[in-house]
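K.L.:
What follows is a structure written as structure tokens; I'll ask about it next.
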Amino acid sequence: MFPALACLMTFGAMDTQIDYSGLPSIVAYSDYKIVTEAVQATLDPSTVGSDLVDFNSTTVYRNVGAVGQVTITIPRYRQGDGAPDFPVTASWDNVSLDLKPSPIKAGFLQATASFVAQGTHALRIHFQEKAVKSGYANTQRKLEYQLNGSQPVGLFTMSFRYTNKTVFGAPKISPDLGWQSGPKGVAMRQENFEPGGRAAILEYYPFGF
């Protein structure tokens, strides 16, 4: 066996299927504002499991018009064959949403909810994502989250949190959104944030690789 092939087999097979999500979107008949949006990813093998990452997001909308219905779309992407099928749960004002396949794109999920006139509403989403193998001999791990949306967010925050037994050394995070790094993770905070269709990508070496 060639040495290079033996090395690759030692470190495990390459991940050819990469599933990930991103910021939700809504369609409403009345005007609205995105007041705040917070995304938190937690890397903790002791509570989640090896290479699984918990994602939680909360988006607060302000309806500046009359009462009406909104259509909520939650994206699910896959790099590889087939459509993504990882489970997602969501709630609107703490009431569980009945998520159905979206006609927009295979793998996307959709639900409907109500806008109260001049009301404020919170959309909460939870799912788990696998940290995929990447880099030389698949020793690195990679996470991705799509930052889609044409409407500005009044206050946007995002963080990747981990323990000192999860990530080895300083991770690489892109794009440059003013990330602040520390021993327990990386985080950013921006007012009047423009998502712009970018992907937030975290690359790191797992502890004990």
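K.L.:
Being surrounded by fewer than 18 Cβ atoms within 10 Å (Cβ to Cβ), farther than 20 Å from SER57 by Cβ, out of contact with any Leu (no Cβ under 8 Å at 6 or more places or on another chain) and basic (Lys, Arg) narrows it down to one residue among LYS184, LYS165, LYS172, LYS133; which is it?
P.N.:
LYS165
Here is a yes/no grid of residues against (1) exposed (fewer than 14 other Cβ atoms within 10 Å of the Cβ); (2) touching a His at 6+ places or on another chain (Cβ under 8 Å); (3) under 14 Å from SER25 (Cα atoms):
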| residue | (1), (2), (3) |
| --- | --- |
| ASP81 | yes, no, no |
| LEU99 | no, no, yes |
| LYS105 | yes, no, yes |
| PHE108 | no, no, yes |
| GLN151 | yes, no, yes |
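K.L.:
Which one is nearest to the chain's Cα centre (by Cα) among residues in region 91-108 that are within 20 Å of VAL60 (Cβ to Cβ) and part of a strand (DSSP E or B)?
P.N.:
SER91
K.L.:
Pick from region 42-52 the residues that are out of contact with any Ser or Thr (no Cβ under 7 Å at 6 or more places or on another chain) and either modelled with pLDDT of 95 or more or assigned to a strand (DSSP E or B) (or both): which of them is surrounded by the fewest Cβ atoms within 10 Å (Cβ to Cβ)?
P.N.:
Among those that are out of contact with any Ser or Thr (no Cβ under 7 Å at 6 or more places or on another chain) and either modelled with pLDDT of 95 or more or assigned to a strand (DSSP E or B) (or both), it is LEU52.
K.L.:
Also: Inside region 1-27, can you point out the residues that are modelled with pLDDT of 95 or more, out of contact with any Pro (no Cβ under 7 Å at 6 or more places or on another chain) and among the aliphatic types (A, V, I, L, M)?
P.N.:
ILE26, VAL27
K.L.:
Ok, one more. With respect to the numbered conditions (1) closer than 21 Å to ALA41 by Cα; (2) touching a Phe, Trp or Tyr at 6+ places or on another chain (Cβ under 6 Å); (3) without any contact (Cβ under 8 Å) to a residue 60 or more places away in the chain, which one is the sole condition not fulfilled by SER102?
P.N.:
Just one mismatch for SER102, condition (1).
K.L.:
A further question on this structure: Pairs, please: C-beta under 7 Å, at least 6 apart or cross-chain, first residue farther than 13 Å from LEU202 by Cβ and in region 158-182, second surrounded by 14 or more Cβ atoms within 10 Å (Cβ to Cβ) and among the small types (Gly, Ala, Ser)?
P.N.:
Every condition considered, the pairs that remain are GLN180/ALA187.
The values are calculated or read from the model by the stated rules, or taken from the named source; none is laboratory data. Just so it is clear, the model here is predicted, and its values are computed rather than measured. Reconstructed Cβ throughout: ideal geometry from the backbone, glycine too, with neighbour counts over all protein chains shown.
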